[in-house]
1. Cβ-Cβ below 9 Å, separation at least six or inter-chain, first residue in segment 25-47 and free of Cβ contacts under 8 Å to residues at least 40 places away in the same chain and polar (S, T, N, Q), second exposed (fewer than 12 other Cβ atoms within 10 Å of the Cβ) and in a helix (DSSP H, G or I): which pairs?
2. Within segment 44-51, can one find any residue that is surrounded by 12 or more Cβ atoms within 10 Å (Cβ to Cβ) and at pLDDT below 90?
3. Which pairs do you get when a residue that is more than 14 Å from Leu57 (Cβ to Cβ), found in segment 6-17, comes within reach of a residue that is assigned to a loop (DSSP other than H, G, I, E, B), reach meaning Cβ atoms under 7 angstrom, with the pair 6+ apart or on two chains?
4. Looking only at segment 14-37, which residues are over 13 Å from Ala54 (Cβ atoms) and touching an Asp or Glu at 6+ places or on another chain (Cβ under 8 Å)?
5. Which of the residues belonging to segment 1-35 are of a type in the set (Lys, Arg), loosely packed, with under 15 Cβ neighbours inside 10 Å and in contact with a helix residue (DSSP H, G or I) (Cβ under 6 Å, 6 or more places away or on another chain)?
6. State whether one or more residues within segment 28-49 are out of contact with any Cys (no Cβ under 8 Å at 6 or more places or on another chain) and under 14 Å from Arg6 (Cβ atoms).
7. Which of (1) surrounded by 11 or more Cβ atoms within 10 Å (Cβ to Cβ); (2) at pLDDT 90 or above does Leu57 not meet, given it meets every other one?
Amino acid sequence: MKKLYRLKSEALIAGVCAGIADSLSVNPIKIRLGLVFVTVLTGWLPGIITYLAAWFLLYDMKDLDKREDKKD
């Protein structure tokens, strides 16, 4: 199973959408537009809270690689 992660090298804010797009092999713009669309439709707060939660909960790709190296 692929893990979700943040990708700071492609980040506009925190790399959440870029990391999700990379792990799903899609264009980051599609994920970003989807997030904006859902955020506008739900009244801003749920989308913002979801993004902030993902920012806090998802590891940066570099940190994730370091954690996996320690397991080996």
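1. That search, which allows pairs on different chains as well, returns Thr39/Leu45.
2. So far as segment 44-51 goes, yes, one or more of its residues are surrounded by 12 or more Cβ atoms within 10 Å (Cβ to Cβ) and at pLDDT below 90.
3. Hits for this filter: Leu7/Gly15; Lys8/Gly15.
4. If the condition is that a residue be over 13 Å from Ala54 (Cβ atoms) and touching an Asp or Glu at 6+ places or on another chain (Cβ under 8 Å), then Asp22, Pro28 are the ones that fit.
5. Hit for segment 1-35 is Lys2, nothing else.
6. No.
7. It is condition (1) that Leu57 fails.
The values are calculated or read from the model by the stated rules, or taken from the named source; none is laboratory data. Since this is a predicted model, take the numbers as computed values, not measurements. Here Cβ is always computed from backbone atoms with ideal geometry, including for glycine, and neighbour counts include all displayed protein chains.
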